[in-house]
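The values are calculated or read from the model by the stated rules, or taken from the named source; none is laboratory data. This structure is a prediction, so every number in the text was calculated from the model and none was measured. Neighbour counts run over all protein chains shown; Cβ positions are idealised from the backbone, glycine included. Accessible surface areas use protein heavy atoms only, side chains included; no ligands, DNA or RNA. Shrake-Rupley method; radii C 1.70, N 1.55, O 1.52, S 1.80 Å.
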Amino acid sequence: KLRDFFVFNLPKELYCKTLQLVEKKIEADKENDDLKNALAWVHNNLARLQQIYLEDDTSAEENLKKAIEIGEQLPKENPEYQNYFAMAYNNLAHLQQNYLQDYASAEENYKKAIEIRERLPKENPEYQNDLARACNNLALLQDDFLQDYASAEENYKKAIEITGKLPMNNPIFKSYYFTWCCNYLVFCYQRDEMSLFGEVKDKLIQQGLWDEFKVFVKNYK
């Protein structure tokens, strides 16, 4: 019990103290956008702690909404601020989907995360891969919970297209790309429309990844 207290409650106390410190600094320097972004970042991470380890979904949702409220006040031309802003929307959607079962709100917030990420610099591969992740998350929601299969198909393909343009010599991007392909393959299999996967298969063949993808599928869980 003592170990659990330090593992879970001590980080929460540290986050809360950090929130207080940042809020005091903002009071003294209300025009400092870096401090506001830092405050949003702390709210976001405190929410993740509350959601995953403390199972306090109500507080997690509250902190994510605070992070979003702060993000709305920050300059749209700053990609770092907007990246955290999109992250908060994505995390809120994930919470609403998997813990609160508020699927309509989750869909709306995934779409907001996508909208923000689409404005981020396209030459940044990390931003692009995060955009693809949001598209894949939205597709899974539409497929599994909303039964909006037309939209799900569109977003699966969008995720595959975005990550497929990233360098495949990066093992992280390749793993995500294969995962998106697998998700779409399962989608096509469940719809009994395997011909839909043909276009993706052709892209994998063109990239010289088809054989490697088949190995990945065998180990896919």
*Single residue of segment 161-207 satisfying the filter (open to solvent by 70 Å² or more (accessible area, probe 1.4 Å), at pLDDT 95 or above and among the aliphatic types (A, V, I, L, M)) that is farthest from ARG133 (Cα to Cα)*: ILE205
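Please specify each residue of segment 138-159 satisfying the condition of being open to solvent by 40 Å² or more (accessible area, probe 1.4 Å) and either within 19 Å of PHE178 (Cα to Cα) or basic (Lys, Arg) (or both). Give the derivation first.
Just the residues of segment 138-159 that are open to solvent by 40 Å² or more (accessible area, probe 1.4 Å), to begin with: 140, 144-150, 153-154, 157-158.
Selection gives LEU140, GLU153, GLU154, LYS157, LYS158.
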*Name the pairs whose Cβ atoms lie under 9 Å apart, with the first residue in segment 111-134 and among the acidic types (Asp, Glu), the second not in a helix (DSSP H, G or I), and 6 or more positions between them or separate chains?*
ASP130/LEU120
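When only residues in segment 94-115 that are among the hydrophobic types (A, V, I, L, M, F, W, C) and over 16 Å from LEU64 (Cβ atoms) count, which is surrounded by the most Cβ atoms within 10 Å (Cβ to Cβ)?
Taking segment 94-115 as the starting set, the residues that turn out to be among the hydrophobic types (A, V, I, L, M, F, W, C) are 95, 100, 104, 106, 113-114.
Still in the list and also over 16 Å from LEU64 (Cβ atoms): 104, 114.
On the way: ALA104: 10, ILE114: 22.
Looking at the filtered set, the residue picked out is ILE114.
Filter segment 168-185 down to the residues that are within 20 Å of ASP202 (Cβ to Cβ) and either in contact (Cβ under 8 Å) with a residue 60 or more places away in the chain or not hydroxyl-bearing (Ser, Thr, Tyr) (or both) and list them by number. Break it down into steps so the answer makes sense when it comes.
Start the filter on segment 168-185 by keeping residues that are within 20 Å of ASP202 (Cβ to Cβ), which leaves 168, 173-174, 176-185.
Across segment 168-185, the qualifying residues are MET168, PHE173, LYS174, PHE178, TRP180, CYS181, CYS182, ASN183, LEU185.
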*asked:* What pairs come out if I take residues in segment 186-200 that are more than 13 Å from LYS157 (Cβ to Cβ) and part of a helix (DSSP H, G or I) and pair them with residues that are open to solvent by less than 100 Å² (accessible area, probe 1.4 Å) and aromatic (Phe, Trp, Tyr) whose C-beta lies under 8 Å away, six or more apart or interchain?
replied: ARG191/TYR149
_Residue list for segment 17-40, filter: modelled with pLDDT under 85, open to solvent by 40 Å² or more (accessible area, probe 1.4 Å) and within 20 Å of PHE85 (Cα to Cα)_ = THR18, GLU23, LYS30, GLU31
*Has segment 67-76 got at least one residue that is β-branched (Val, Ile, Thr) and modelled with pLDDT of 95 or more?*
yes
_What's the number of the only condition in (1) in a helix (DSSP H, G or I); (2) open to solvent by 40 Å² or more (accessible area, probe 1.4 Å); (3) touching a Phe, Trp or Tyr at 6+ places or on another chain (Cβ under 8 Å); (4) at pLDDT below 95 that LEU54 fails to meet?_
(1)
*Just a yes or no: is a residue in segment 187-202 among the basic types (Lys, Arg), more than 29 Å from SER105 (Cβ to Cβ) and within 20 Å of the chain's Cα centre (by Cα)?*
no
